[in-house]
1. When you have a sec, figure out the Kirkwood radius of the range 266-380 from all distinct Cα pair distances and drop it here in Å to one decimal?
2. Whole-Hz Karplus ³J(HN,Hα) for the range 267-273, in order, using 6.51 cos²θ - 1.76 cosθ + 1.60 and θ = phi - 60°, x for Gly and Pro?
3. Which value results when the Cα radius of gyration for the range 331-380 is divided by 2.2 N^0.38 Å?
4. Percent relative contact order of the chain, based on C-alpha pairs within less than 8 angstrom and at least six residues apart?
5. List, in order, the whole-Hz ³J(HN,Hα) value for each residue of the range 78-94 obtained from phi through the Karplus relation with A = 6.51, B = -1.76, C = 1.60 and θ = phi - 60°; use x for Gly and Pro.
6. Roughly how many whole Å is it from the C-alpha centroid of the range 318-380 to that of the range 183-222?
7. Using amide H atoms built in the peptide plane, which far-off residues or other-chain residues are under 5 Å from Asn362 H to H?
8. Show the residues, 5+ positions off or on another chain, whose built amide H is closer than 5 Å to the amide H of Ile127.
Amino acid sequence: EMTERKIYNPNRRRMMQNLMGLGLTAASASSLVSAFATKALAQNNYKISFANITESAELFVMLGDGIEEAAKTAGIELRRYDNNFDGETALRNAELMVQDQPDVILEYNGVEGIGLALQRVFDRAGIPFIAINVPVPGGHWFNLVNKDIGRDTALSMVPIAKQKGWTGDNTTVVIIQSAASGEEVNDCIRYFYVTAADMLPGMTKVAPSEITALTTTIGQSGIQVDGKGLLEPSYTGVKNILQTLPADRNILLYSINDDATLGAWRAVSEAGRGENTLVGGLGGSVAALQELRNNPNWIAEGSIFFRNWGQYLIAMSVAILNGVEPPALTKSPQIVLDKSTVDTYYDASGSPILLPALNESNEYLASTGILQLFNNVKGL
């Protein structure tokens with residue numbers, strides 16, 4: 001006899017086929033299986049503790065709210081903490097979270113150097129944990145592929161720059177890092193620069209490994225600012241470096257997230273240099289999507305469907321609790337949007353209406369039944 005617990009194993013597709021064999025439509029069968037999944041989750045009384053990287057920036061508040069909403073939809077109890085982009089705070093929160101005795105911990109830590117200390121706390125408590133964005137040793141890992149989205153954003157933006165006659169002789173790439181967040185997070189800007197330099201004649205070419213946390217200039221072609229992943233430091237940093245760039249210099253602007261890019265764009269606009277700047281965002285925040293739609297110089301937006309990460313993370317948590325061993329990296333959904341594609345994935349208010357299809361790294365999440373509760377993943 002099939003119990004509700006088995007809803008979460010890889011036989012979900014077989015259950016769908018059996019129900020459809022009884023005369024149910026695919027939509028009705030999927031709805032019924034998802035209803036069983038929700039009921040089973042409630043019976044299991046799962047608890048999750050979640051530490052957000054910060055609660056003082058719109059982008060990350062959006063993530064946290066999305067995780068809360070997803071947990072509520074799935075009938076899972078969630079406790080939420082604020083790491084405040086600070087290592088000591090993250091460690092204190094780790095101790096508090098293990099005291100909650102949750103079934104799974106979601107850890108979004110912005111200081112890569114404390115990873116081993118976090119691992120010791122979680123391992124000592126024997127609680128499985130998922131590292132969000134920034135990897136933590138010993139933890140499962142959920143993240144975008146930063147190098148891919150940085151490369152794809154350059155591939156979207158540089159052809160437009162070339163149409164304008166921009167070259168290495170008249171263009172500077174300004175990239176905004178978060179030095180404390182480590183190599184993986186900053187891969188997006190490294191690969192953005194390297195790809196742009198390969199495409200634009202006359203640019204200084206370097207390997208990605210040559211752009212480190214200490215890099216400030218890349219020949220005559222690039223400038224790196226440490227905006228710490230936040231709006232105000234990015235604004236200040238870009239405002240300062242603009243004073244060193246000739247007024248007629250074109251700018252390709254890119255950052256590790258939308259908050260930093262919005263701060264940088266404000267500095268560019270206030271300096272009266274918006275007309276000779278092309279911007280690519282990363283994150284898909286409401287404010288950035290508005291810029292993509294309405295700002296002629298904001299021409300690409302790497303959307304990682306940040307507000308929807310919650311449904312993936314809740315599904316990943318349930319999969320782990322059901323004995324699934326995730327791959328080394330469970331990939332988040334991601335796509336680079338432009339002005340012609342934004343309406344396919346987001347409505348006018350900035351709410352997602354469609355998520356990309358699952359891939360080889362995250363298709364195991366479908367077996368939990370969680371994603372089906374949201375009815376927004378292409379092909380699912």
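The values are calculated or read from the model by the stated rules, or taken from the named source; none is laboratory data. It should be emphasised that the depicted structure is a prediction, and the values quoted were computed from it without experimental measurement. In this analysis, Cβ positions are derived from the backbone assuming ideal geometry, glycine residues included, and neighbour counts consider all displayed protein chains. Please note that ligands, DNA and RNA were not included when accessible areas were found on the heavy atoms of the full protein model with its side chains. Shrake-Rupley method; radii C 1.70, N 1.55, O 1.52, S 1.80 Å.
1. Kirkwood hydrodynamic radius for the range 266-380: 15.6 Å.
2. 5, 5, 5, 5, 7, x, 10
3. 1.22
4. The value is 17 percent.
5. These are the phi-based 3J(HN,Hα) values: 10, 10, 10, 10, 10, 7, 6, 6, 9, x, 5, 5, 4, 5, 4, 5, 4 Hz.
6. 30 Å
7. Amide H neighbours of Asn362: Lys331.
8. HN-HN under 5 Å from Ile127: empty list.
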